[in-house]
C-alpha cells in the first residue's frame, strides 16, 4: 500500500533532469566518502609513524634541507680555530628566518584563500547555472548558451542575410536583453523565444505579421532554408528578449561543461579532495612540527657537546643508513656546504 501511495509522486518527480541531478549528487557523496576515508586512513598512519619516531630519519633530512643556512653557520664556527664564539640556537635562527619570510607567508596564505574562494565561487556558479536552466542571470544580466549550429552560417536561400554578419557559433555564450513592456523586436533582430515544450530557441526574426489584433512573429535560423512550424506566428508573450551583441565562445564551452553532470561532479570532487587534504595535512604538520622541536633540542645538544670538546661537526647522527652510507653523505653534505660558503665569500683577492 505504501508503494502505491508514493507511485504518483515518483512519477511526477522522475524527469530526466531530476534523475540526472540526483545521480550527480549521489556520485559526489559517495566519492567524497571514499576520498575522505582514504585520506583519513593515510594521514592517521603517517601521524602514528611520527608519534612512534618512525619518521625521525625523514624529518631529520627535512631539517637538514630546509635549515641549510643554520648548518652553514654552525659548520663555519666548527671550522674556526679558537671556537670562542657561542653556537646560535635553532630558536634564534628560526626567529630571524620567520622575520625575513613573514611577507612571503602572508602572500602565500592570501593566494591560498583566493584559490579556495575561486573554487567555492565556481561551484556556486555551476549550481546556479544548473538550477536556472537554459536562461540564467549573472550580475543582473541574462545569458544563455547557443546549443545548435543553426545560426553559424548564412544559407544562400536567405537573401536578407547579405549585409547581416552577426552569426553565432554553437556553444557560444550570448547576452539577452529582455523586452520591456510595450517594446517589440525589430525585423532581423536575433531573438530568444520559447518554442515547443517551452524550449528556448535563438533565431532571427524574419517576418512580422501585423494584420491581426496583435503582431505575430516568424523566426528562422541563418543556416536554415525554411522556418519550422514552431517558429511561425509566435506571439509577443513567447519572445524572451533580443540578442544584445555580447558573445563569448570560450565562456560558453566552460558554462556548458559546468552545468553538465560531469562538470558539477568534477568541481565538487576537486573542492572536497583539496579541502580534505589541506585540513588533514595541517593536522599532520602540527605533529611533525612538535617532533621537529624535540629533534632541534637533540641536535643542539649534540652540536654543543662536540663543539666544546673540539670534535668535528656530527652530521652522521642525522643521516640515515649504515656507516658507509652515512660517511659518504657526510662528505657530500660537507662539500656542498663548503662550496656554498666559498661562493658567498667570492674569489680571494691577491
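The table that follows gives values for the structure above.
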{"read-out": "Selection count, the stretch 78-95, where residues are in a helix (DSSP H, G or I) and modelled with pLDDT of 85 or more", "value": "6"}
{"read-out": "Residue within the stretch 28-41 that is in contact with a helix residue (DSSP H, G or I) (Cβ under 9 Å, 6 or more places away or on another chain), surrounded by 13 or more Cβ atoms within 10 Å (Cβ to Cβ) and within 25 Å of residue 296 (Cβ to Cβ) present", "value": "no"}
{"read-out": "Number of positions in the stretch 120-143 that are part of a strand (DSSP E or B) and within 26 Å of residue 270 (Cα to Cα)", "value": "3"}
{"read-out": "Residues (surrounded by fewer than 12 Cβ atoms within 10 Å (Cβ to Cβ) and under 13 Å from residue 300 (Cβ atoms)) located in the stretch 92-115", "value": "92"}
{"read-out": "Single unsatisfied condition, residue 260 versus (1) closer than 19 Å to residue 143 by Cα; (2) modelled with pLDDT under 90; (3) more than 32 Å from the chain's Cα centre (by Cα)", "value": "(3)"}
{"read-out": "Long-range neighbours under 9 Å by Cβ, at least six apart or interchain, first residue farther than 30 Å from residue 308 by Cα within the stretch 86-115, second in a helix (DSSP H, G or I)", "value": "105/98; 112/278; 115/274"}
{"read-out": "Criterion: more than 27 Å from residue 268 (Cα to Cα) and at pLDDT 85 or above - qualifying residue of 39, 71, 104", "value": "104"}
{"read-out": "Test: residue 265 is closer than 21 Å to residue 149 by Cβ and either outside the structural domain of residue 33 (by TED's automatic domain parsing) or not in a strand (DSSP E or B) (or both)", "value": "no"}
{"read-out": "Flag for residue 251 being in contact (Cβ under 8 Å) with a residue 40 or more places away in the chain, under 24 Å from residue 44 (Cβ atoms) and either out of contact with any helix residue (DSSP H, G or I) (no Cβ under 6 Å at 6 or more places or on another chain) or surrounded by 14 or more Cβ atoms within 10 Å (Cβ to Cβ) (or both)", "value": "no"}
{"read-out": "Candidate set: the stretch 164-186, residues that are at pLDDT below 90 and part of a loop (DSSP other than H, G, I, E, B); chosen: the one nearest to residue 142 (Cα to Cα)", "value": "179"}
{"read-out": "Flag if residue 126 is more than 30 Å from residue 206 (Cβ to Cβ), buried (at least 16 other Cβ atoms within 10 Å of the Cβ), modelled with pLDDT under 90 and out of contact with any strand residue (DSSP E or B) (no Cβ under 7 Å at 6 or more places or on another chain)", "value": "yes"}
{"read-out": "Residue among 270, 223 that alone is in the same structural domain as residue 176 (by TED's automatic domain parsing) and either under 17 Å from residue 124 (Cβ atoms) or not in a helix (DSSP H, G or I) (or both)", "value": "223"}
{"read-out": "Condition check for residue 211: touching a helix residue (DSSP H, G or I) at 6+ places or on another chain (Cβ under 7 Å), surrounded by fewer than 21 Cβ atoms within 10 Å (Cβ to Cβ) and over 19 Å from residue 158 (Cα atoms)", "value": "no"}
{"read-out": "Residue in the stretch 229-239 that is in a helix (DSSP H, G or I), in contact with a helix residue (DSSP H, G or I) (Cβ under 8 Å, 6 or more places away or on another chain) and free of Cβ contacts under 8 Å to residues at least 40 places away in the same chain present", "value": "yes"}
{"read-out": "Residue check, residue 217 in a helix (DSSP H, G or I) and either touching a strand residue (DSSP E or B) at 6+ places or on another chain (Cβ under 8 Å) or surrounded by 14 or more Cβ atoms within 10 Å (Cβ to Cβ) (or both)", "value": "no"}
{"read-out": "Condition check for residue 46: in contact with a helix residue (DSSP H, G or I) (Cβ under 8 Å, 6 or more places away or on another chain), surrounded by 11 or more Cβ atoms within 10 Å (Cβ to Cβ), in a helix (DSSP H, G or I) and at pLDDT 85 or above", "value": "yes"}
{"read-out": "Output for the stretch 144-163, where each listed residue is part of a helix (DSSP H, G or I) and surrounded by 15 or more Cβ atoms within 10 Å (Cβ to Cβ)", "value": "161"}
{"read-out": "Odd one out for residue 190 among (1) outside the structural domain of residue 117 (by TED's automatic domain parsing); (2) out of contact with any strand residue (DSSP E or B) (no Cβ under 9 Å at 6 or more places or on another chain); (3) surrounded by 13 or more Cβ atoms within 10 Å (Cβ to Cβ)", "value": "(2)"}
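The values are calculated or read from the model by the stated rules, or taken from the named source; none is laboratory data. No experiment lies behind these values; they were computed from the predicted model shown. With ideal geometry, Cβ positions are generated from the backbone for all residues, glycine too; neighbour counts draw on all protein chains shown.
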